[in-house]
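Working notes, structure below.
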Amino acid sequence: MGRLIAISNRTAADPSARAGGLAVAVWESLKSSGGVWFGWSGDIAERQSRSVQSLKDDGVEFVLTDLTEREHDQYYLQYANSVLWPVFHYRLDLAAFNSDAFQVYAAVNQRIANIVTERLRDGDTVWVHDYHFLLMGDSMRRAGWDGPIGFFLHIPFPPPEVFRALPEHQWIARAMCNYSVIGLQSEQDRSNFTRYLIEDCKAVDRGDGVYEAFNTTIKIEAYPIGIDAEGFAEAAKTEKAKEASDRIGRFLGGRNLVIGVDRMDYSKGLPERFEAVGRMFDDYPETRGSVSVTQIAPPSRSKVDEYRELRRTLDGLAGRINGDYGDLDWIPLRYLARSYDREELAGLFRIARVGLVTPLRDGMNLVCKEFVMAQDEADPGVLILSEFAGAAEQLKDALLVNPHDTRKLAEVIQHALTMPLEERVERWKSLRETVVEQDIAWWRKKFLKDLTALQDTR
Ligand code: GDG
């Protein structure tokens, strides 16, 4: 195989950014093939001084471009984060449709495609990531690249009925058909996307995940992303993890910990989760004084207005619950709007009796897989998982819930808190097996195998 070329909005050029799922996966693949990673530098610059910098680390080359203020606003904040993010999470009510922003989005895709294509060599394999670059395949074809291009969408693909509300849906779908392999997180996403292609683009299903549309052939498959499973299990046993669990242990004073960790984003279902916690204290008096819920919710910088709104809602809900039930020595529900180190999170997961992962919609969700790997095999906690997370297709032995049904969710949390050890161990073993088997390396190999198979037939 030639070089692997990755394209994503943010890269792992900053070593501290290598902890996330995408960053680890891409980083490992690039290191083994001596690849190049293209993306945004994270800086904003005037058009005239906007630079393309190249740097090398551990055999991987990063080629990074600044964005202008206008590009950052229209491509990134507006079209990617205020149109595509809500629509792809089935939230038409939150989408701020904006066709001017789409023009800038298309222009940024083309500008970066030109930067990439100029630097490509014959035999290179290109792998594009996420919703910032839906048009990249088409833009690269325009720039003259005719080799295979893979694309992986980290967020859900909505049902056709929702996708069609996007004024640019036809343009986007047609552009996407320039990819050679399109990877989605789940069967649900795969089915939504292919149904759209068949209904709106006259695509023909050739079987085995191969579709014909616009005179080209595309492989479309679900490749559920995994985590560095063993690495996370190790992280949970480090000194730093132990310090974090000791610190929270002092706060708990022997009470059971229920934990949630999510970026503060409306897709994560935090208000519904808080309501369910309030209901649990209402409906199950035995939980009062014996359970503490801690929600870690680092703020998303890219969605300032929604973040403010969400924060207000959560403040109100937590204030009411703590006001109603809290006592001198007990805070029923805490939320911490800040981030912690990976090892610290692993330590908190390990000491928790219940992990609450209840997004309203999530491409995959890595937190639930991390929670599983952090557990102590002799006394594992229970995972409560939304049926609307992509991970629910794999993690059948979690307690699956509808996050909108807060009464039921309250009941399930109470059930998880009282689950006998034997059942906890049995469920955990099955979850662990899946997370270990279908880890990040499995995901990467599965995708690249399909993509490089095309390379080999050229
Ligand atoms: C997108 C899709 C898909 C969270 N807080 C802290 C922290 N995190 C880490 C978690 C986890 C990651 O961030 C979050 O990943 P998720 O998968 O849960 O969610 P998104 O950020 O929305 O990711 C999602 C994913 O892409 C991958 O394809 O699964 O569906 O939306 O690793 O642990 N990490 C640290 N401190 C924190 O406070 N260090």
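Couple of notes before you dig in:
- Note on the range 136-169: residues that are away from the ligand (no atom under 16 Å from the Cβ), closer than 15 Å to residue 84 by Cβ and free of Cβ contacts under 8 Å to residues at least 60 places away in the same chain amount to 2.
- Residue match in the range 246-268 (condition: assigned by TED's automatic domain parsing to the domain that holds residue 388, open to solvent by 20 Å² or more (accessible area, probe 1.4 Å), within 16 Å of the ligand (Cβ to nearest atom) and part of a loop (DSSP other than H, G, I, E, B)): yes
- Among (1) under 30 Å from residue 446 (Cβ atoms); (2) away from the ligand (no atom under 16 Å from the Cβ); (3) open to solvent by less than 40 Å² (accessible area, probe 1.4 Å); (4) not in a helix (DSSP H, G or I), the one test that residue 39 misses: (2)
- When the range 411-456 is filtered for residues that are of a type in the set (Ser, Thr, Tyr), assigned by TED's automatic domain parsing to the domain that holds residue 292 and either more than 13 Å from residue 398 (Cβ to Cβ) or open to solvent by 80 Å² or more (accessible area, probe 1.4 Å) (or both), only 418 remains.
- Any chance residue 346 is part of a helix (DSSP H, G or I), over 30 Å from residue 421 (Cα atoms) and among the small types (Gly, Ala, Ser): no
- Annotation note: of 210, 204, the sole residue that is loosely packed, with under 15 Cβ neighbours inside 10 Å, without any contact (Cβ under 8 Å) to a residue 40 or more places away in the chain and within 15 Å of residue 450 (Cβ to Cβ) is 210.
- Only listed residue being in a helix (DSSP H, G or I) and either on the phi > 0 side of the Ramachandran plot or not hydrophobic (A, V, I, L, M, F, W, C) (or both), chosen from 189, 205: 189
- Any hit, the range 97-109, residues being open to solvent by 30 Å² or more (accessible area, probe 1.4 Å), of a type in the set (S, T, N, Q) and part of a helix (DSSP H, G or I): yes
- Members of the range 290-310 that are under 17 Å from residue 271 (Cβ atoms), away from the ligand (no atom under 16 Å from the Cβ) and not in a strand (DSSP E or B): 305, 308, 309
The values are calculated or read from the model by the stated rules, or taken from the named source; none is laboratory data. Quick caveat: nothing in here was measured; it's all calculated off a predicted structure. In this analysis, Cβ positions are derived from the backbone assuming ideal geometry, glycine residues included, and neighbour counts consider all displayed protein chains. All accessible areas refer to the heavy atoms of the entire protein, side chains included, with ligands and DNA or RNA removed. Shrake-Rupley method; radii C 1.70, N 1.55, O 1.52, S 1.80 Å.
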